[in-house]
1. Have a look at Arg317, Arg283, Arg302 and point out the one that is of a type in the set (D, E, K, R) and touching a Phe, Trp or Tyr at 6+ places or on another chain (Cβ under 7 Å).
2. Go through region 277-290 and report how many residues are open to solvent by less than 10 Å² (accessible area, probe 1.4 Å) and assigned to a loop (DSSP other than H, G, I, E, B).
3. Tally up the residues in region 204-255 that are near the ligand (Cβ under 10 Å from one of its atoms), among the small types (Gly, Ala, Ser) and part of a strand (DSSP E or B), please.
4. Please state which one of Thr94, Thr140, Thr133 is out of contact with any strand residue (DSSP E or B) (no Cβ under 7 Å at 6 or more places or on another chain), of a type in the set (Val, Ile, Thr) and at negative phi.
5. If you take the residues of region 167-182 that are more than 10 Å from Gly147 (Cβ to Cβ) and out of contact with any strand residue (DSSP E or B) (no Cβ under 9 Å at 6 or more places or on another chain), which of them is modelled with the highest pLDDT?
6. Listed residues Asp308, Asp293, Asp356, Asp321; which is under 17 Å from Leu254 (Cα atoms) and buried (at least 21 other Cβ atoms within 10 Å of the Cβ)?
7. Report yes if some residue within region 337-345 is over 24 Å from Asp26 (Cα atoms), away from the ligand (no atom under 16 Å from the Cβ) and buried (at least 18 other Cβ atoms within 10 Å of the Cβ); otherwise report no.
8. Can you say whether Tyr306 is among the aromatic types (Phe, Trp, Tyr), touching a His at 6+ places or on another chain (Cβ under 8 Å) and at negative phi, as far as the supplied structure shows?
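The values are calculated or read from the model by the stated rules, or taken from the named source; none is laboratory data. Everything numeric in this text was worked out from a predicted model, so none of it was measured. Every residue, glycine as well, gets a Cβ built from its backbone with ideal geometry; the counts of neighbours run over all protein chains shown. Only protein heavy atoms, including side chains, enter the accessible area calculation; ligands, DNA and RNA are left aside. Shrake-Rupley method; radii C 1.70, N 1.55, O 1.52, S 1.80 Å.
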Amino acid sequence: MHGTSRIGTDIANIDWGGASGYLTIDLTKLAKNYERLAEEVAPARAAAVVKADAYGLGAVRVAERLYAHGCRHFFVAHFVEALALRPHLTADATVFVLNGLQPGNEFACAHDGIVPVINALEQWHQWAGMAQTLGRKLPTVLQFDTGMSRLGVPPEDRAALAYLVKEEGGIDVLFLMSHLASADDTDSTQNDDQRTAMNSIAAEFPQFPVCFANSGGIFLGADYHGVLARPGIALYGGAPTAGRQNPMEPVVSLDIAVVQTRTVASGTRVGYSGAHVTTGITRLATIAAGYADGLPRSLSGRGAVYCDGIRLPIVGRVSMDSITVDASALPEGRLTLGGRVEMLGPHQTLEDVARDAGTISYEILTGLGHRYERHYR
Ligand SMILES: *Cc1c(COP(=O)(O)O)cnc(C)c1O
């Protein structure tokens, strides 16, 4: 977006320079990833999981773009996320709340056309009660626990639920769902266990279709697809399967501004607690993002940034608002005040940063801070 001066351009999309960091979100690549996943699951359809502000990338921008590419099913985690997103989509799109119905949400969900996932018998009763009050049918999705023990109707309540489904007319069940606990690990026997459990649930409720696979599940094969898949991380460029080549296109890049450079003698302490001590004459660069910007403190002395494809290791502790890197590998004068280094981009993937930080790509993405200047491409 450099040099954009078109009248009417979104102010947030103008690169004024002087920001601490520049987060670029490539909506074209996002759309490509959606199409790639939709192809993989066809003839089933692909939904989009846009919880946590679309994993930090902006739920409204992401959902609008994916809607234009045929996506009609959008999953969020919390009711408040659904409330925020719903007005931006037309009536032919559905917004589902994965965490389910909470006491007090029923009326607003029904009023705003939000579809809560039912995770427990009591939620069925709440929703059926609201349907009766309003004198119309209300839609839902039935989520079952197939071995993750997190959300969903437990096995012992299935018979009671089947009875309610049969006897109570107020609720319109759109589909059955469950969530895979180990889908990113193709060797895990838990996948097969959960699929077997899901198949027996589908046999108990043969009138309803199944929604099953997350990103990893999509690549486990067609018997995990049901009629609707629910990818999240793969849409945003994260690797769906651990230890395999990532088939998705990177969507996010992050460049951080240099706010100071210096050359120090051997034996100089760097950062809090002097956790790093230089072992030779060292050129240091301080960059303007830290753990408050979603770069975990666990990157202290472990991670790196890149400049011209050259790795510049993080030295010392990650601070709240800055990180110091060893820029000695670069030609003198290459990095100066106002320069930028790559944190996420062609030389360093989300998975690289996550590995160095001892976490997963999901946590890096959803943690990206709000102090970066954002550009949507
Ligand atoms: C977060 C979530 C997803 C998306 O998972 P990814 O691994 O990001 O594809 C799908 N289903 C449920 C129930 C979830 O909580």
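1. Arg317
2. 3
3. 1
4. That would be Thr133, the only listed residue that is out of contact with any strand residue (DSSP E or B) (no Cβ under 7 Å at 6 or more places or on another chain), of a type in the set (Val, Ile, Thr) and at negative phi.
5. Glu167
6. Going through Asp308, Asp293, Asp356, Asp321 in turn, the sole match is Asp293.
7. So far as region 337-345 goes, no, none of its residues is over 24 Å from Asp26 (Cα atoms), away from the ligand (no atom under 16 Å from the Cβ) and buried (at least 18 other Cβ atoms within 10 Å of the Cβ).
8. yes
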